[in-house]
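Everything below concerns the one structure shown next.
The values are calculated or read from the model by the stated rules, or taken from the named source; none is laboratory data. These numbers were taken from a predicted model, which means no experiment stands behind them. Don't worry about glycine lacking a Cβ; one is built from the backbone with ideal geometry, like all the others, and counts go over all protein chains shown. Keep in mind that these areas ignore ligands, DNA and RNA; they rest on the heavy atoms of the full protein, side chains included. Shrake-Rupley method; radii C 1.70, N 1.55, O 1.52, S 1.80 Å.
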Amino acid sequence: MLKKMREGSKSIFAGAILWLVIIALSVYVFVNWGAKGQIGTPTSVIAWFDGEEIQFQEYVRKARDMEDYYRRMYGKAWSSQLAKALRIQRNAFDTIINKRVELYHAKQMGIDASKKEVADKILSFPVFRDKNGNFVGYERYKRYLNGYGYRVSDFEKEIKEGIIIDKLERLYKESVQLSVEQLKEVYEKQKLAVAFDYVVFNPKRFLNKVKVNFSDDDLKKYFQSHKEKYKTPVMRRIKFVKFNPFSFSKDVKVTDEEVKAYYEKNKDKYTQKEEVRAKHILISPAAKKISDKEARKLAEKIYNQLKKGADFDALAKKYSDDPGSKRRGGDLGYFPRGRMVKPFEEKAFSMKIGEIAGPVKTRYGYHVIKVTGKKKAKTFTLAEVSDEIRSILKSKKAEDLANKKAKEFEKLAKKYNSVEKAAKELKLNLVDSGYFENSPSVNIKGIGPSSFVSTYVFSMKKNEISNPLRTAEGFVVCQMVDEKEPEIPSFDKVKDKVLNDMKLEEARKIALKEAEKFRAKVTYKNFNKIAKEEKLMLKKQRKTVLGSINPSFVLKPGSDEVKKLFAYDKDQITEPLLDRDGNYIVAKITQKVNFNQNDFLKNLPSLREKTRNQEAIKLISSVVQNLRKKLTEEGKIEVNPKFLEHLREAESR
C-alpha cells in the first residue's frame, strides 16, 4: 500500500500512538516460557480465534507493553510482588483475546477501515515524514519498522485494527444518551461528602436480654421461610502432597564462599544508617479545632511543664494528636534521615540524648520532641552477619529443593493421572482436604488459610492435577477429586444455627430500641459525653465522598442506609442506621458537602462528555465479555492447554 505513497498528508501527529508503538516494540527480558520446549518459541501457538492462530510472540509483545506501562506508573515502588498482584501475564492474554472479540463484533456491524484511512494514520507519525511533510519512502519506512522487530504487514494490520476499534467505540459513545437527572446523580456521587462520629449498638450485646422461648415448631417455621439462608455454597475436595522446605533443610549445605558472595552482593543490607530514637507530642490546630496561635501557645505550655520535670509519656497520652504514637507515650522508635518531615528531622538529629526541644512547626502542627537514643552509621562485618546469611541461604536452598521435588512429583502424578498412585510409589504422605468453599477466609484442612489455593482449585477441572502451589508452609501438588453442588441441609443439621439466628433477630429489635433511646436524649454538643456515660465506644469516620464508598465503609455500599445518611446535614443526629454487619449505628454529622447547583451547571458539558465515555466503555466491555463467552461455547475460541498451564505456573510463583 505505502509503496504507492510519495506525497504525505500534513495531518497532526498522534504522539500517544507512536509512544505506544515504541513501547510495544521495546526489548525486555520478560519471562522464560521455553523451559519445557513446548510454549516459548515465537511461532508457538497459544490459542485459536475463529480458526486463526494466536502466536506466542504476540503475547510476549503485549506483556512487555503492559509491564513497561506499570513500571513507568509505579517507578521505584515497582517490584516482582507488584507484578504478580497485577496479573500482567493473564491480563496481557485477555487483552489479546478481547481485542479480537471487538474486531469480530465490528465486522458483524459492518465496520471497516479503508486503505486511505490507514495511510493517513501512518502519515500522521512525524517519523514517517520528511522535513517537507512528504512520505519518507517505502525503504526507509520498512527499515524503521524492521529495526523494532515489526514487519510492514503486521504494523499496517495493527493500525487498521486500531481505526476499526476507534470507530466501534465512537459508535457506542454516540448511542449513550444521558438526561440532566442522570448527570445530577453522577455529580452527586463525585461531590457529596460526609464525615461523622458514631456509636454502635451490637445486637450480640443484648442476647442476654432475649426472654423469648422458641419451640421446635417456631424453629421449623423460621427455617422453612429462610431456607436459602442456610444453603451451602459449591464445595470442592482435593487430595494433595505437601513439600515443606523445613523437611529438606538437612539435605542442603551452604559453603563459606557462598556466604561471602552473598555478603558482597548485598552489602547495602548490612549497612546501618545513622538513626535517632525520639518521642513527640503533636499539637494539631486542625485536630483540636483551635487557631495556629493557640496551638503554639499550648505546645509552649507543655514544653515548659516538661522542663520542670513533668512526665513526657503522661503528657503525650493526654495532649498528643498523633494517634499512632500517643498510646506509646509519643514514642516513634528509631528512624533514619528522610523518613520524617524536614523541620522535625533536622531538629531531632541535632539534639543530644535526653534533650527536649519545642515547639517545632511542621505542616502537621507543633511538635515537642525528646531524643531518647542514637545509632551511628556502620557497616556490619561478614563475621557479624555470617550466621544470619547462612540461615537465609539455607532456607532458600531448602525452598528450591522442595520446589524441585514438588515438580518431580507433579510430573509423575500427571503421568499416572493420579496423585494417589504417585504418592504411593514415592512413599509420600497423601492428604485429603475434605470439602471446602471458595472464599477469602477459607481454611483448608492440611493447608490452612489460603485463598490462593482455593481460587486455583476452583479454576480446575475434575481430576486435573496442579503445578506446585505456594502455601505458607511451602508447596503443594493437588488433584481436584470431587465437587459438591449447593444444597439446603436438613433442619436437624442446622437447628442450633436457626435458634441462634432467631435469638439474634430478637436481640436486634432490642438494639434498635436502645439506639432510638440514645438518639432521643442526645444533641450535637452532648453526643460524646452521653456516649461515654453509657460506655459506648465512640468511632470516627473521616470525610467520605458518596461515589468513593468501598466495602469497608460502616454502611453497606449502595444501600438505602447510605442514602439516609447523606440526607442529613452538618450538626444533625441521624436515625438508627443498619450497618454492613447487622448492627445499628447512631451518628452525628461533623462535616457535610452538599449539592451545588451553580457548580453543577458550570461543569455540565465536561461531565456529560466524561460520563458518556465511561458508559460507552462499560457497554463495550459488557458486549465483549458476553460475546467472548458465546464464542468460547461455540468453539471459536480455544486456548492451548499447555499455555494455560504456564499461566497458572507463573501465577503460583
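The spread of Cα positions in the chain, taken along each principal axis and listed from longest to shortest, comes to 86, 73, 73 Å.
Taking the charge dipole of the chain about its Cα centre, with +1 at Lys and Arg Cβ atoms and -1 at Asp and Glu Cβ atoms, the residue from LEU393, VAL234, LEU428 reaching farthest to the positive side is LEU393.
Under 14 Å of direct C-alpha separation, and excluding same-chain neighbours fewer than eight residues apart, LYS191 reaches these aspartates and glutamates: ASP599.
Ordered from highest to lowest accessible area with the whole protein assembly present and a 1.4 Å probe, ARG143, ARG237 read as ARG143, ARG237. Residues whose amide H lies under 5 Å from that of ASP322, counting only those 5 or more places away or on a different chain, are LEU282; hydrogens are built 1.01 Å from N in the peptide plane. A simple rule links phi to the HN-Hα coupling: the Karplus curve 6.51 cos²θ - 1.76 cosθ + 1.60 with θ = phi - 60°, which for the stretch 146-154 gives 4, x, 9, x, 9, 8, 4, 4, 5 Hz, with x for Gly and Pro.
Shape class for the stretch 486-579: oblate, because the ratio a/c of the largest to smallest gyration tensor axis (alpha-carbon atoms, square roots of eigenvalues) is 1.5 or more and b/c is at least a/b.
Dipole size of the stretch 37-163 about its Cα centre, with +1 on Lys/Arg Cβ and -1 on Asp/Glu Cβ: approximately 520 debye, rounded to the nearest 20. Taking θ as phi - 60° and the Karplus parameters 6.51, -1.76 and 1.60, the scalar couplings of the stretch 343-353 work out to x, 5, 4, 4, 5, 4, 6, 8, 8, 9, 5 Hz in sequence order, x denoting glycine and proline. On full extension, the segment bounded by ASN266 and ASP560 gains 100.3 nm, given 0.36 nm per residue less the C-alpha separation.
Dividing the summed -39500 (n - 2.57) terms of all DSSP H runs of n ≥ 4 by the residue count of the chain sets its mean residue ellipticity at 222 nm at -15500 deg cm²/dmol.
Under conditions of 20 °C and 1.002 mPa s, the stretch 296-395 yields 137 µm² s⁻¹ as its translational diffusion coefficient, taking Rh as the Kirkwood radius over Cα pairs in the Stokes-Einstein equation.
Taken over the C-alpha atoms, the stretch 184-312 has Rg and Dmax values of 32.0, 77 angstrom. Close amide H partners of ALA47, meaning residues 5 or more places away or on another chain with modelled amide H under 5 Å apart, are ILE54, ASN640. Take the convex hull of the alpha carbons in the stretch 423-536; its mean projected area over all directions comes to 13.0 nm².
Close amide H pairs (under 5 Å, H built 1.01 Å from N) link GLU464 with MET480, residues at least 5 positions away or on another chain. Shown here for the stretch 214-296: GluC sites (Glu not before Pro) in loop regions (DSSP other than H, G, I, E, B) with at most 13 other Cβ atoms within 10 Å, namely GLU274. Taking N as the residue count of the stretch 265-344, its C-alpha radius of gyration divided by 2.2 N^0.38 Å amounts to 1.35.
Summing Cβ point charges (Lys, Arg +1; Asp, Glu -1) relative to the Cα centre of the stretch 270-405 gives a dipole of roughly 160 debye.
Per residue, the stretch 500-594 exposes 59 Å² of accessible surface when a 1.4 Å probe is rolled over the protein heavy atoms with every protein chain present.
According to the Cα-based calculation, Rg over Rh for the stretch 36-176 is 1.01, with Rh computed by the Kirkwood formula. If a spin label sat at a point 7 angstrom from the Cα of GLN614 along the line to its beta carbon, the backbone N atoms of the stretch 533-570 nearer than 13 Å would be those of 546-549. At 1.4 Å probe size, with every protein chain present, just tell me what the per residue accessible area of the stretch 205-342 comes to in Å². Per-residue accessible area for the stretch 205-342 comes out at 64 Å². In the chain, with Lys and Arg counted as +1 and Asp and Glu as -1 at Cβ, which of these residues, ILE165, PRO343, THR471, has the Cα nearest the positive end of the dipole, that is, farthest along it? The residue sitting most towards the positive pole is PRO343. Once the 1.4 Å probe is applied to the protein heavy atoms, the stretch 70-179 comes out at 57 Å² accessible per residue. The magnitude of the dipole of the chain, with charges of +1 and -1 set on the Cβ of Lys/Arg and Asp/Glu and taken from the Cα centre, is near 2180 debye. Projecting the Cα atoms of GLN614, ILE356, MET73 onto the charge dipole of the chain (Cβ charges, centred on the Cα centre) puts ILE356 farthest toward the positive pole. For the chain, carbon and sulfur atoms together expose 50% of the accessible surface, with a 1.4 angstrom probe and every protein chain in place.
Can you tell me how the stretch 568-653 classifies by the Cα gyration tensor, rounded, prolate or oblate, using a/c under 1.5 as the rounded cut? Here the stretch 568-653 falls in the oblate category.
Size descriptors for the stretch 555-603, from the alpha-carbon set: Rg then Dmax equal 13.1, 41 Å. Phi-derived couplings, Karplus 6.51 cos²θ - 1.76 cosθ + 1.60 at θ = phi - 60°, listed residue by residue for the stretch 162-169: x, 5, 4, 5, 4, 5, 4, 5 Hz, with x used for Gly and Pro. Which value in nm describes the separation of the simple spin-label points at THR362 and GLU437, placed 7 Å from the Cα toward the beta carbon? Taking the two extended label points, one gets 4.5 nm. Our estimate of slack between ALA77 and TYR148, defined as 0.36 nm per intervening residue step minus the Cα-Cα distance, is 22.7 nm.
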